[in-house]
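Working notes for the structure below.
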Amino acid sequence: MIAIIAAVADESRLLRQWLFPCEVRRCGRRDLYWGNLFGRRIALMHCGVGKANAAATATLLLEQNLPSLLIAIGCAGAYPDSSLAIGDLVLASEELYADEGVITGDGFRDFASLGFPLLQENGATLPCRFPIPTDLLASARPFIEQSARDAGCKLLMGPLVTVSTCSGTLAAGRDIARRTGGVAENMEGAAIAQICREYGVPFLEIRGIANRVENRDLATWDLPAASRNAQQAVRALLQGWSSPPRRA
């Protein structure tokens with residue numbers, strides 16, 4: 001079974017239409033959409049916006065329906081120097097937290113550097129970054145690239161950055177991009193990636209670019225195009241994949 005998490009219903013509308021049959025179950029206090037797509041069992045949930053919602057939903061989903069893979073989908077804002085345009089796709093090479101830490105006179109420091117690790121594994125402190133295995137990316141990328149070509153957009157593979165406060169100015173976006181090396185930002189991905197890491201479940205993230213991170217102007221955004229292209233990429237991936245990853 002493959003799990004999919006989107007923040008809001010508009011980011012999964014097409015996928016839910018493609019599931020057949022689509023059965024709505026309860027998973028804790030949330031709806032779980034359960035169905036088939038290209039012969040694969042799919043469990044889809046909406047987490048709501050933000051890291052707390054994302055972590056809670058991912059934990060609930062993995063506790064009750066431990067999948068072989070979890071895919072996070074949705075929209076993102078592209079950092080100014082990323083070369084990404086509205087409607088383009090990002091396949092995350094890693095997910096990272098941008099603002100789990102403290103701002104000092106010498107700049108930002110994450111919690112790990114302060115001796116308060118976000119996550120420990122086998123006694124080792126892990127950084128606030130969650131890389132996605134190269135073999136998983138290599139197997140998924142060709143199908144997503146083809147979907148991008150079919151949609152007339154571009155695919156970029158690179159780090160996605162999870163924030164608590166979205167960057168609403170050009171200066172803020174450039175600062176986070178410089179500090180993290182990220183290409184685009186969102187509000188859920190790193191939290192889902194962290195929970196997947198703890199449960200040993202492979203994780204992928206595909207996002208459509210809804211806006212560029214600059215001085216905020218909603219008139220330039222295109223959430224529908226970003227959501228549509230991301231969902232079509234997931235559909236192409238599930239259709240083309242001969243052997244999805246197995247849980248560790």
Selection within region 18-38 - in contact with an Asp or Glu (Cβ under 7 Å, 6 or more places away or on another chain) and crowded, with 16+ Cβ neighbours inside 10 Å: 34, 35
Hits in region 143-159 - residues which are surrounded by fewer than 16 Cβ atoms within 10 Å (Cβ to Cβ) and part of a strand (DSSP E or B): none
Failed item, numbered, when residue 201 is tested on (1) among the β-branched types (Val, Ile, Thr); (2) within 14 Å of the chain's Cα centre (by Cα); (3) under 16 Å from residue 68 (Cβ atoms): (2)
Number of positions in region 188-198 that are modelled with pLDDT of 95 or more and farther than 18 Å from residue 164 by Cα: 1
Any hit, region 52-61, residues being on the phi > 0 side of the Ramachandran plot, in contact with a Cys (Cβ under 6 Å, 6 or more places away or on another chain) and surrounded by 15 or more Cβ atoms within 10 Å (Cβ to Cβ): no
Strands (runs of 3 or more DSSP E) wholly inside region 1-58 that include at least 1 residues being touching a residue at least 40 places away in the same chain (Cβ under 8 Å) and closer than 14 Å to residue 234 by Cβ: 2-6, 30-37, 40-46
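Results for (1) in contact (Cβ under 8 Å) with a residue 12 or more places away in the chain; (2) in a strand (DSSP E or B); (3) in contact with a Pro (Cβ under 6 Å, 6 or more places away or on another chain), shown as yes or no for each residue.
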position: 70; (1), (2), (3): yes, yes, no
position: 74; (1), (2), (3): yes, yes, no
position: 80; (1), (2), (3): yes, no, no
position: 95; (1), (2), (3): yes, yes, no
position: 138; (1), (2), (3): no, no, no
position: 141; (1), (2), (3): yes, no, no
position: 161; (1), (2), (3): yes, yes, no
position: 168; (1), (2), (3): yes, no, no
Verdict on residue 79 being under 19 Å from residue 157 (Cα atoms), of a type in the set (Phe, Trp, Tyr) and within 13 Å of the chain's Cα centre (by Cα): no
Answer residue from region 45-76, given it is over 14 Å from the mean Cα position of the chain (by Cα) and aliphatic (A, V, I, L, M) and is modelled with the lowest pLDDT among those: 66
Flag for residue 102 being surrounded by fewer than 18 Cβ atoms within 10 Å (Cβ to Cβ) and free of Cβ contacts under 8 Å to residues at least 40 places away in the same chain: yes
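The values are calculated or read from the model by the stated rules, or taken from the named source; none is laboratory data. Not measured: the values here are computed from a predicted model. Cβ sites come from the backbone with ideal geometry, for glycine too, and all protein chains shown count toward neighbours.
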